[in-house]
């Protein structure tokens, strides 16, 4: 994959490192020459000090052969313009951070896959998981979260079947680990003490889902 990354903040740097280490062709664009020099000293990639909304800069980055462009800056206007220009060059995959929720529709109109403000996501998750220390967050994905809980001896949900405790809207049991065995949680499967239960929940129901599982299994 030929990947162009706009912005060398924390997320852009991490993404560049991951993509480069996985053997992809990576080009990063950032206005800060020192950031560009630093990333070049750490990874095998191309770094361009320039403005990603400048066509000449994008052409220097090889926009005409890019498979994807990911915009990671804290400036929504810059991210949107970079994605819009990339679309004009027929880049197939456009992804961007959206720092202010009210701008989300603008990105969607251009055909950009979006991720919400990462600082807000982290803050919300830290608050939620600090309130529920026995629940482990596995992943935050677009539209929801995946987390797991371990069923305690004597908990209300233990010895009940999946269908008996499936009344929480917007939440889905994904898997149960019991010892070294992986169990698909069909309706007649019974929860046992020590089960590690993996759950998906929609983002808007995340708090209620965590509280529901905590009440059932802790």
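A short reminder: the numbers here are calculations on the coordinates, not readings from a lab. Since this is a predicted model, take the numbers as computed values, not measurements. A quick note on method: Cβ atoms are made from the backbone with ideal geometry, for glycine too, and the neighbour counts reach across all protein chains shown.
More than 31 angstrom separation, counting every C-alpha pair in the chain; what % is that? Summing the P(r) of the chain above 31 Å gives 39 percent of all pairs. Using a cutoff of 8 angstrom between alpha carbon atoms and counting only pairs six or more residues apart, the relative contact order for the range 2-115 works out to 24 percent. For the pair residue 75 and residue 202, a Förster radius of 25 Å applied to the C-beta separation gives a FRET efficiency near 0.30, rounded to the nearest 0.05.
Take every DSSP beta bridge with both residues inside the chain and express the antiparallel ones as a percent of the total, to the nearest 5. Of the beta bridges lying entirely in the chain, close to 50 percent run antiparallel.
When the helices of the chain are scored as -39500 (n - 2.57) per DSSP H run of n ≥ 4 and the total is divided over every residue, the value at 222 nm lands at -10000 deg cm²/dmol. Structural descriptor for the chain: relative contact order 14 percent, calculated from alpha carbon pairs under 8 angstrom and at least 6 residues apart.
Comparing Cα centroids, the range 152-218 and the range 1-44 end up 40 angstrom apart.
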